[in-house]
Amino acid sequence: MIGYDVHVGTQDGVLLASLEGEIDMANVDLVRTTVVRAISNEAHGAVLDLSRTAYIDSAGITLLFHMRERLRVRGQELRLVVPPGSPAFAALRYAGVLETLDVRDSVDAAVAELRA
Amino acid sequence: VEHGARGSEDGADRRQVLVGSASEGALSPAPDRAANLYRLSDPGLSDLGLEALLNELLVRISEILEVDTAAILLVDEEHGELVPRAVKGLEEAIERGVRIPIGQGFAGQVAAERAPITIVDLEGADIVNPVLRERGIQALLGVPLVVEGNVIGVLHVGSLAAREFGTADAVVLELAAARAAPAIERARLFAALEGEHRGAVALQRSLLPERLPDLVETTVAARYLPARDEVGGDWYDVVTLPGGRIGLAIGDVAGHGVRAAALMGQMRTALRAYALENHAPAVVLELLDRMLRATRERAMATVIYAVIEPETGRVTYASAGHPPPVLVGEDGARLMEPATGPPVGTVLDSTYEEAEIELRAGETLLLYTDGLIEVRGEALDRGLARLVDAAEGITAPHTLCERILEALVPSEGASDDIAVVALHNPPVPEVLDLRFQAEPETLATLRHSLRRWLRVAGATPDDLAAITLACSEAAANAVEHAYGAGPAMYEVTAQMEDSVVVLRVRDRGQWREPRGENRGHGQLIMRAAMDEVDIRTAERGTEVLMRRRIGGAA
């Protein structure tokens, strides 16, 4: 079982990847490959939408940090969409990283920032 | 040339088409032949199988007409040729695999002209079959084997001595042909049908799932019953979807035979592909409808596609003209809302509605095809009522499948094929007690089982997220410990103490302290999500004991 689904598209010229399903140590490498491959060198940055992510654990959170670091090296920014009340919100809150990672409530808000 | 022969001399081979035949009654057979003729219409011949019948006819013809050879050749329609089927005195013809194109040679011309033909001198005649000359045959007489106006073969006799066959001989031979032709055709049709049936059954078997997926929380059983004497287009399928959900499908392609079975294979594959794309049931049916109408064949099918979420028991389904699902509980069985649109492949741009039902712990969802409930000349309601009666209270899926087939299928077999598939949502145990191989892939399964248990225990959405996270993190650690240490197991138990969830995760490895900048999230999560976390490492392994009060009383 794959367990997750990545939808990649653009909104207002900003790359938007949304993760559906569950992310844990079993599939985190696959998720990394899929998402990183989708982000071209030319992009200003990317929005990763976790509002429909049913589960993400510490392995997934480590992935978020890695991705942010990787983009930073290329001069790109990463914005995460994690609405309050979502499973991802709980995970990030319990891990204490809500403030450290640039988390936004909605896709529109995150996209607007990267366009500016 | 005897009297009654039409003078259509055909050059050197002295080939003649004879007129006057038994059916036209142009000539009465000589009185001394009456007994012989009876030997050809002997009702006793009917008891013989095809092989024996043909051989016996050839023997009797040889005796009556006093000829040296006799042969029956059948038309091979695919190649437009005649193939020897039964011979007497010309055995080599079969052994050598002689084939005679229709329209050529002696037998080929009999078939093409659909009339008795005689050759009085083989010297210089147009002969394809080399065995005739090798055997030293001097004269030949052949008649077509005709069934319902179609030539299905040729019956011919030959003489080693010089001889001129006449109309009277042709009459006898035509009588034998009239006896043999229908028997041959019946046997052929039977063999063809038999072949098609066998082929279609094999095809259909190859198209149905070989084995159902191993599901953790739920159990599934399915049966397929071919029709008594026809192959249909029924199918079922079970797919595992992301998030621990299960897709359950059943369908029935209209029609029978190889075509329906082949189409069923396409439908099943297409549905499976759409289902794995994670589409909602109504969308899956709409895509299936579009797919079917895009194929050139006109085809129609009824289908139900249901998505079951074992964690919550929520079942979402859509139906394309298919009989309604049955929900079976300990205390009864009931038909579900029809939620039905047109069969796929019928109307332009069909749209489908979804219905939602709850499959509670302990209940079983049953899908079936109409072959199970339809009895010719009876209202459908009665079949449905019989099904509900038979299913009542039987929630074990294998038993359910067996019982309903036993109760509803007549002992001589069904006239239509039948597919049934049952999915059981087992009761939730008071104490959750799970063992897993220490593999990363088991974590998702663990979470689904735990969430299902937590819901029944009264956990709020916050509780669910917190406890699932903490438990999965502890288990992930157990899996990491086990790496490289060969096959290992870990155990998870959960139970309620008043309104506190007590969770234990045990393995036989050593607890590994987190390393690196971002490696500490797991333990942070566990401690933040639970009221109490106690990690005990002993020589025989590690036990993580965690507690959290649930139900909103934080």
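Taking θ as phi - 60°, what are the ³J(HN,Hα) couplings along the stretch B:534-548 by the Karplus curve (6.51, -1.76, 1.60), each to the nearest whole Hz, with x for Gly and Pro?
10, 9, 10, 10, 10, 5, 7, x, 10, 10, 9, 10, 9, 9, 8
Kindly identify the stretch A:59-112 as rounded, prolate or oblate by the Cα gyration tensor criterion: order the square roots of the eigenvalues as a ≥ b ≥ c, call it rounded if a/c is under 1.5, otherwise compare a/b with b/c, prolate if a/b is larger, else oblate. Each step should come with its number before you reach the end.
Details: a/c = 2.51, a/b = 1.23, b/c = 2.04.
Oblate, since a/c reaches 1.5 and b/c is not below a/b.
Please state the shape class of the protein assembly as shown: rounded when a/c is under 1.5, otherwise prolate if a/b exceeds b/c and oblate if not, all from the C-alpha gyration tensor. Provide the component values of the computation, followed by the final result.
Working: a/c = 3.47, a/b = 2.78, b/c = 1.25.
Note, shape of the protein assembly as shown comes out prolate.
Filter the GluC sites (Glu not before Pro) in the stretch A:55-116 down to the DSSP loop ones having no more than 16 other Cβ atoms within 10 Å, then list what survives. Mind dumping the intermediate values first?
On the way: sites: A:69, A:77, A:99, A:113; in loops: A:99.
Those that pass, being in a loop and sparsely packed, are A:99.
Hey, can you grab everything whose amide H is under 5 Å from the amide H of residue B:150? Only 5+ residues off in sequence or another chain; H modelled, so Pro and N-termini drop out.
Under 5 Å from the amide H of residue B:150: no residue qualifies.
In the P(r) worked out for the stretch B:230-324, what percent of Cα pairs fall beyond 16 Å?
Numbers: 2281 of 4465 pairs.
Value for the stretch B:230-324: 51 percent of Cα pairs lie more than 16 Å apart.
Scan around residue B:488 for amide H atoms under 5 Å from its own, H built in the peptide plane at 1.01 Å from N, and keep only partners 5 or more places away or cross-chain.
The answer is B:438.
Which of rounded, prolate, oblate describes the stretch B:48-161, given a ≥ b ≥ c as roots of the alpha-carbon gyration tensor eigenvalues and a/c under 1.5 marking rounded, otherwise prolate only if a/b is larger than b/c? Show your work: numbers first, answer last.
On the way: a/c = 1.36, a/b = 1.06, b/c = 1.29.
Because its axes are fairly even, with a/c under 1.5, the stretch B:48-161 counts as rounded.
Could you check how much of the accessible area of the protein assembly as shown is carbon and sulfur, as a whole percent, using a 1.4 Å probe? If you can, show how the numbers build up before the last one.
On the way: 14720 of 30270 Å².
Carbon plus sulfur share of accessible area: 49 percent.
Counting only protein heavy atoms and rolling a 1.4 Å probe, how much accessible area do B and A lose on contact, total for both sides, in Å² to 100?
Values: alone 25970 and 6300 Å², together 30270 Å².
Between B and A, the summed buried area is about 2000 Å².
Only Cα pairs under 8 Å and at least 6 apart count here; give the relative contact order of the stretch B:261-385 as a rounded whole percent. It would help to have the intermediate numbers written out before the result.
Values: 208 pairs, mean separation 29.7, N = 125.
Relative contact order, the stretch B:261-385: 24 percent.
Could you pull out every residue, at least 5 positions away or on a different chain, whose amide H is within less than 5 Å of the one on residue B:233? Hs are placed 1.01 Å off N in the peptide plane, and Pro or chain starts have none.
Under 5 Å from the amide H of residue B:233 lie the amide H atoms of B:253, each far enough along the sequence or on another chain.
What distance in nm lies between label points placed 7 Å from Cα along the C-beta direction at residue B:298 and residue B:78?
If labels sit at residue B:298 and residue B:78, their model points lie 2.9 nm apart.
Add +1 for every Lys or Arg and -1 for every Asp or Glu among the other residues with Cβ under 15 Å from the Cβ of residue A:31, and state the total.
Summing Lys and Arg as +1 and Asp and Glu as -1 gives -3.
Got a sec to turn the phi values of the stretch B:113-126 into Karplus ³J(HN,Hα) couplings, 6.51 cos²θ - 1.76 cosθ + 1.60 with θ = phi - 60°, whole Hz, x for Gly and Pro?
8, 6, 9, x, 10, 10, 10, 8, 8, 6, 4, x, 6, 7
Taking beta carbons within 10 Å but only from partner chains, what does the mean come to for residues B:241-252? Let's see the in-between values first.
Working: counts 5, 9, 9, 5, 0, 0, 0, 0, 0, 0, 0, 0.
Going residue by residue through B:241-252 and averaging, the value is 2.
Between beta-carbons, use under 10 Å as the cut-off and find the net charge around residue A:20, counting Lys and Arg +1, Asp and Glu -1. Could the numbers behind the result be given before it?
Values: positive: A:52; negative: A:5, A:22, A:49.
Charge balance in the 10 Å sphere: -2.
May I ask you to evaluate 6.51 cos²θ - 1.76 cosθ + 1.60, the Karplus curve with θ = phi - 60°, for each residue of the stretch B:463-469 and list the ³J(HN,Hα) values in order in whole Hz, giving x for glycine and proline?
Each residue's phi maps through the Karplus curve to give 4, 4, 4, 5, 5, 4, 4 Hz.
So for chain A, averaging the separation of alpha carbon pairs under 8 Å that are six or more residues apart and normalising by length, what relative contact order in percent results? Provide the component values of the computation, followed by the final result.
On the way: 200 pairs, mean separation 30.1, N = 116.
Dividing the mean separation by the residue count of chain A yields 26 percent.
Under the 0.36 nm per residue contour assumption, what length would be gained going from the current alpha-carbon distance of residue B:229 and residue B:389 to full extension?
54.8 nm
At 1.4 Å probe radius, can you tell me the per residue accessible area of the protein assembly as shown in Å²?
Working: 30270 Å² over 670 residues.
Accessible surface, normalised per residue, equals 45 Å².
The values are calculated or read from the model by the stated rules, or taken from the named source; none is laboratory data. A quick note: this is a predicted structure, and the numbers were derived from the prediction, not measured. Positions of Cβ are backbone-derived with ideal geometry, glycine not excepted, and every protein chain shown enters the neighbour counts. Areas reflect the complete protein model, heavy atoms only, side chains present, ligands, DNA and RNA absent. Shrake-Rupley method; radii C 1.70, N 1.55, O 1.52, S 1.80 Å.
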